[in-house]
Structures are given as structure tokens and as C-alpha cells.
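Could you have a look at this structure, given as C-alpha cells, before my questions?
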Amino acid sequence: MLSTFSKLGVRPLAAGARCLTSLSEPSAPHLVTSSIPGPRSLQLKKELQDIQNADAVQLFVDYEKSIGNYLVDADGNTFLDCYTQISSLPLGYNHPAMIQAVTSPKNISTFVNRPALGILPPENHVERLRHSLLSVAPAGLSEVQTMACGSCSNENAFKAVFIKYMADQRNGRAPSPEELESCRYNKSPGSPNLSILSFDGSFHGRTFGCLSTTHSKPIHKLDIPSFDWPIAKYPRYKFPLEQNVAENAAEDKKCLAHVEELIEEWSKKGSPVAGLIVEPIQGEGGDNRASDEFFRALKDLTERKGVIFICDEVQTGCGPTGKWWAHEYWGMSTPPDIVCFSKKMLTGGYYYKTEVRPKEAYRIFNTWVGDPTKLLLLEEVIKVVKRENLLKNIQESGAAMLNGMLELSKKYPAMSNVRGRGTFCAADMATPGDRDKLVKQLHLQGVHCGGSGEKSLRLRTALTFQKKHADLFLERLETVLKTF
Ligand SMILES: Cc1ncc(COP(=O)(O)O)c(C=O)c1O
């Protein structure tokens, strides 16, 4: 394995080396099959279909050969990866710092012995939390709970919100025997009627509670029972933003009023809103962005109403917008009450304000509650991001990407509504079919991108994505747009 990596030019890091530039990435995409997916990917997909539904599989990947910002598929095609495992690769493929961490003898026991972290954490767990998650904690939040994935982070954040709400209601009294008995049978008062408010177009995951707050596409929700929880309108802006300031400000106001109305309505219905969850940019729902003013006003509103504010940074967290947390752009005087993360952070989990910590053991718990190997790798990611100033890199490459896409949208009206922060960028095509065609044609140009919402193209790069990669992407995008 190691020798394969050294053949690829993946070498252990010399102290202070800038891997961003020293990594032996290809200089451009290179396709060896005339159609994508190629025959090897198609054959493997057929074999996987015998075992499970594999309809979502796009390509089989050669993870040994993939490197930096370039993904190599099972047929040997090399793509510039502007999607990075649905926004989940902070440093691209086979980063030397990660390989060094995985192959270091001192880390072997961490990889071999996965603990039931909630009851038997490793001796260095506190130190590791401090060097990884807590070193990038959102300002004002000093506690963190680890989890496995994005959905289970949000799901457990909801539980923490409900537990706090009921603890406040009891005001120090112990749960009654009736509460303790009734909850075993899903009945009130032990299982109370409480709700989480979410926004139309949102995506917060696929577990039961999360799915009740997810409103992006029917395919996620069809046939699954849901909680009757309030769904507020999320701002839908007119583009270009600079030319529609008054109209978009009115849209913010309308949506805020709707949130307030729903909080009152659900309280009257006997299912008070205990928490609200929102993405800084709705990712799966189509890269819909609300203004910083909207979020500041929303936070104020939740404070006035005694509703816990959950910021879902599963997709926006860990730097793709050019700041570690997208909510840092909002300029709020107090932080969100809870910030959930996963994807690029490698581990799932959530930061929370102290008041949200449950008083009893086992209330927020499962067997793994995260994975120390992911904290070990996250620690390496954080060191590289800081040493190589990768947030600044993303601001620069993001500006190049956004400006370039804006220019292209002026030249080729088939693409419109270019938007984004950092390299967390998107644009709309006229129809869902056009968007799907664009993504396919980009594959044939050696660029791997994704779609989001109904008809948006979405870009989710690694933090090592540089201006030269943005230029290459733009050149290939223009070649494809010419065919529309
Ligand atoms: C904003 C947001 N929240 C939650 C999730 C769910 O994360 P996971 O797929 O890890 O369960 C996602 C996944 O795309 C997401 O984008």
C-alpha cells in the first residue's frame, strides 16, 4: 500500500512543507474511455445490483490512485473532483498528512481497538477532543458531543433540546412515576407533544426525527411516517441580489413573520416549538441562501420566544465557504445554541451551550458515540488547514470560481442565478433535464460535479482546491455551456 502511494508521489511530510503545491497531482483530467461510466464501472455496478439496489452508484473509484483534487475511477479515467464525496473530503484524496497519521505505529491501537466511547474512552480522549473539535469550536460554544453521521448528530441535538425543555418545565422536580411509566408506551405525559420547527427546502438527514425536518425531495420522505411539526417558508430571493435589495428584504420579513406565526400556532395546538433547525445555505434543497440579516433576526426571534436555535453546519462546516463555520458570516452577538457538524469534519457531532447538557448519563448515548480514529484524522486536517492557510485559499479560489461563473452566465443564458460563498457555489439551469445533461457533459470533460435541488449545479470542493483548479473547471464548463 505504502509503496503504491510513494509511486503516486505521496511522500511523508517534511516539516513545514506546503503540500498544497507539492502534491503530485495530475495537471489536468484525462479520460481513457469514450463513455462515462466506463465498462469496468458498469460491470461492477451490475455485480452490486445482485446484492442491493445500486441505482445511485455513478462510478466505482480507485481510491489508491485518486490524489489531491483528482478522482480516478475504476476504468482509469481521471476527473477534477469538484464534488468530493458530497462535500466530505477536507484535503482531497490521499493527503500525505492523513497517510502519515494512519501508518504511524503510535496510532495503530487507535485504529485497531474501537471503543464504546461513552463508557470506556481512551486515556488520551480529552486531549484529543481539545486538539481537534474544541480547537475549532464556534465562538461561545465550549461543549461538544460526538456522533457518527450528520443525521444522528441532528437527531441527538433534537433529543437534547426536548430533554432541556422538559427539565425546564419540571423546574428541578424529578420525573413523576406516571411520566416514567407512560413514556415506555409512547404516551403523554412521559412522551410529551413538542416540536422542532424547520424550513421548506431544508435537508437535515434521513432518520425519523430528521426526516420530519427535511423538506427537499419527495424521494427522501415517501412512505415514512412523520411528526406533525411546523415548516416555515425559507427566503427565495430574486437575482441578481444587488438589483433586488428591497424586494429580498421584504422576503426576509415575510419569512420571519411566518416563523413567529407558526411558533404561536403550534403552542396553541399543544405542541410547543422547543427548537428550530436551519442550514446557513440549504445544500440538498438547491443551494438556497438567506441573508445575514435574516439569520440575525431569526436568532433574536428564537431568543424572544425561548426556542433553541440549531444551526445545521453538516454541509457548510469545516471551511468550504471560506470561514470555518458559515454562521461566522452572520455577525451575531450570541452564537447559535447548537451547531451540528459531520462531512468534512470527518466525525459527526454537535457543539452546544452548557444549558443544553443533559443532567443524567445515557440520555444522549449510543454504542460508538463517534470514533476516535476520526478525531485523530481531524486533528491532522486542522493542522494542515492552519499551516497552509487553506481558508484564505478557499476565499481566493472561491472568488475566482464565482466571478468566472458569473461571467459565463452573462455569455451563456442557459446558466443563471450564480451564487455561493467560498467554493460552496451553485448555478441554475433552465430545467432539471438541462442540469442533469450539464453534469453528464462535465463528466465527459473530465470534471466531477453534483446537482442539488430541482435544477441546480452544485460545487463542493476540497479545501486544497486552488485558483488553477477553478480556471480549469471554468474552461471545461464553458466548453459544455456552448452546446446548450
Ligand atoms: C445540512 C445537512 N444536514 C444533515 C445531513 C445528513 O448527514 P448524513 O448524510 O451524514 O446523515 C446532510 C447530508 O447531506 C446535510 O447536508
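If you average the alpha carbon positions of the range 313-358 and of the range 185-262, how far apart do those two centres end up, in angstrom?
The distance from the Cα centre of the range 313-358 to that of the range 185-262 comes to 19 Å.
Moving on. What aspartates and glutamates could a cross-link reach from LYS411, if we take a straight Cα to Cα line under 14 Å and drop same-chain neighbours fewer than 8 places away?
GLU475, GLU478
Subtracting the Cα-Cα distance from 0.36 nm times the residue separation, let me have the gained length for THR354 to VAL102 in nm, one decimal.
That works out to 87.3 nm of additional length.
Give the aspartates and glutamates whose C-alpha is closer than 19 Å to that of LYS46, dropping any in the same chain fewer than 8 places away, or say none.
ASP55, ASP62, ASP73, ASP75
Sticking with this one: Put one equal scatterer on each alpha carbon of the range 194-277, apply the Debye formula with no solvent term, and list log10 I(q)/I(0) at q = 0.12 1/Å to two decimals.
-0.41
May I ask for the distance between the Cα centers of the range 430-460 and the range 98-177, given as a whole number of Å?
Answer, in whole Å: 36.
Further question: For labels at ALA139 and LEU48 in the simple 7 Å Cα→Cβ model, what's the distance in nm?
The two pseudo-label positions are separated by 4.3 nm.
Find the relative contact order for the range 273-331 and round it to a whole percent, using C-alpha pairs within less than 8 Å whose residues are 6+ positions apart.
41 percent
Here's something else I'd like to know. Provide the gained length on full extension for the span ARG184 to MET166, in nm with one decimal, where the gain is 0.36 nm per separating residue minus the Cα-Cα distance.
Gain in length upon complete extension: 4.8 nm.
Could you quote the convex hull projected area for the chain, Cα atoms only and averaged over all directions, in nm²?
Here the figure is 24.2 nm², rounded to one decimal.
Output the relative contact order of the range 344-484, whole-number percent, from Cα pairs under 8 angstrom with separation of 6+ residues.
22 percent
Pairs of Cα atoms under 8 Å, at least six residues apart: use those to get the relative contact order of the chain, whole percent.
Answer for the chain is 20 percent.
Here is a further query. Once you order the gyration tensor axes a ≥ b ≥ c over the Cα atoms, which shape class does the range 269-380 get: rounded for a/c under 1.5, otherwise prolate or oblate by comparing a/b with b/c?
Cα axes put the range 269-380 in the oblate bin.
Let me ask you something else. Name the residue farthest towards the positive end of the dipole of the range 109-385 from the options PRO177, SER153, TYR234, assuming +1 on Cβ of Lys and Arg, -1 on Cβ of Asp and Glu, about the Cα centre.
Farthest towards the positive end: PRO177.
Mind checking which lysines have their C-alpha under 17 Å from LYS254, skipping anything on the same chain fewer than 8 residues away?
Excluding near neighbours in sequence, the set is LYS233, LYS238, LYS299.
Using only alpha carbons, build the gyration tensor for the range 416-475 and give me the equivalent ellipsoid semi-axes, biggest first, whole Å.
Each semi-axis is √(5λ); the values are 19, 14, 9 Å.
For a test of the definition: using alpha carbon positions, the gyration tensor, and the 1.5 limit on a/c, classify the range 120-266 as rounded, prolate or oblate.
oblate
At 7 Å along the Cα-to-beta-carbon direction for both LYS468 and GLU242, put a label point, then send me their distance in nm to one decimal.
3.1 nm
Using just the Cα positions, wrap the range 109-385 in a convex hull and report its mean projected area in square nanometres, one decimal place.
16.1 nm²
Read the figures in this text as sums done on the coordinates, not as results from a lab. A quick note: this is a predicted structure, and the numbers were derived from the prediction, not measured. FYI the Cβ positions are ideal-geometry reconstructions off the backbone, even for glycines, and counts take in every protein chain you see.
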